[in-house]
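Beneath this line is the structure, given in structure tokens, with notes to follow.
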Amino acid sequence: MPDDETQTSTLNLRPAARTSHELHAQRLPGAGDTPAPWLLRLIAVGLVLAALNLRPAITSLGALLEEVREGLHMSGSVAGVLTSVPPLCFAVFGVMAPRLARRFGAGAVVCAGMAAIAAGLVIRPYIGSTAGFLAASALALMGIAVSNILMPVIVKRWFPDRVGTMTGLYSMALALGTALAAAVTVPVTGALGGDWQAGLVVWAVPAALAVLPWIVLVRDRTPAPGQPALAPSAPGRVAPQAPALRITRSRTAWGLACFFGLQATAAYITMGWMPQIFRDAGVSAGTAGLLLAVTMAMGVPLAFVIPRVASRLKQQGPIVVVLGLCGLIGYGGLYLAPAAGAWAWALLLGVANCAFPLALTMIGMRARSGAGVVRLSAFAQSTGYLISIPGPLLVGVLYQHSGGWGLPIALMAGLMIPQMVAGVLAGRDRTIEDEC
């Protein structure tokens, strides 16, 4: 496979644009062109707005889960299914993202993703049935899934010399949107007369606004990193590709997939059930939402700190263990004194949930080539989200049949052990190319 510099030099052999189509190509440059400053600023705004909308559909529902259950007459087991829908959609629809990006362009897919989020959030509160609520939620989560996968592609495409900075920027925006939805959904619902439907539908507004910056990129067809490019001098001819990695032979890849899946399990259990745990312990609905917001807000500063520290270490196992121990202490506190130490447990679980940026960092460190990173990312995330599906559902079933939170919390704590083991395995100083 030719390297990026070879492809760039080939693309730059093109003469100056004259036609209206070529003028559009100048505004949306190829891999070797220099984008206009205004366009980069617009894309940066689009990244931030998109990232802000990648979790409110989940955390706003967690804050109002009791009201939604009563309004739609859901059992605890069905509510468990509802909290399992996000990882299921991420696993199923996330696999489609690279193919859609190759056909329509990453910018167009993200634009459609934001529109799907807005539509799903408008429809689901008023559809009037559990099945319809699940379907509309799946529509919104489909938009989240494809956008989530393509954020790194957009960053690599438009900001190749500022990947770390822009990744940190959208990671912080993602954490901020997650925390904001958890914190203000209950107060906003109260201000709107206590109507949970109105409290959920308001999150369609920022999703609709996020569509606007991406309209500019609807016609951009530049290949994603790791995909073959067409050389202008030979239309229709695809650059030769390196032999595909047999990634399923890599123990590091499997360790990273398991680590990603178990941290995702913990994250979606937290987002879906933690407010209910606090409310059942006597904490008010508003305070329970704030506690979830504190947990999610820990990702704002740590999204910058953890990747930088991890990238300077040859092995990331020590960070994995520290995060896991924070999770174990937090779950122990939830079991023994959920209301008395609520703020401390929320902080500790917030630190533990920052295994997500660590997993993303390790994906970039465990492969030598750009194509290897793409393969590892797709494998680790799709497999990981499949692994995470049963966790939230099982928590709902245990809660329904045990009548309390003892067994569910014991499950959450128990999953931290294999998460640490898998993370230490994935954090070893080696790459998948050494094993495939």
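The values are calculated or read from the model by the stated rules, or taken from the named source; none is laboratory data. Only a predicted model underlies this, so the values are computations on that prediction, with no experimental measurement involved. Ideal geometry is used to build each Cβ from the backbone, glycine not excepted, and the neighbour counts take in all protein chains shown. Just the protein is used for accessible areas: all its heavy atoms, side chains included, with ligands, DNA and RNA removed. Shrake-Rupley method; radii C 1.70, N 1.55, O 1.52, S 1.80 Å.
Things to note:
- Solvent exposure, largest accessible area first (probe 1.4 Å, DNA, RNA and ligands not counted), of PHE159, PHE104, PHE379, PHE304: PHE104, PHE304, PHE379, PHE159
- Cα shape, the range 261-344, gyration tensor, a/c 1.5 rule: prolate
- Global geometry of the range 100-207, whether rounded, prolate or oblate, following the gyration tensor of its Cα atoms and the 1.5 cut on a/c: oblate
- Most to least packed among 206-216, 81-91 [average Cβ atoms within 10 Å]: 81-91, 206-216
- A Cα-only calculation for the range 307-436 places Rg and Dmax at 16.7, 51 Å.
- Computed over protein heavy atoms with a 1.4 Å probe, the carbon and sulfur contribution to the accessible area of the range 143-219 reaches 73%.
- Protection proxy ranking, peptides 261-273, 287-299, 43-55, average beta carbon neighbours within 10 Å, highest first: 261-273, 287-299, 43-55
- For the range 297-405, the share of accessible area belonging to carbon and sulfur comes to 71 percent (1.4 Å probe, ligands and nucleic acids excluded).
- Couplings 3J(HN,Hα) of the range 339-356, computed from phi: 8, 5, x, 3, 5, 5, 5, 4, 5, 5, 5, x, 5, 4, 5, 7, 5, 5 Hz, in residue order, whole Hz [Karplus 6.51 cos²θ - 1.76 cosθ + 1.60, θ = phi - 60°; x for Gly and Pro].
- Pairwise centroid distance, computed over Cα atoms, of the range 108-171 with the range 70-104, Å: 12 Å
- The heavy atoms of TYR399 offer some 40 square angstrom of accessible surface to a 1.4 angstrom probe.
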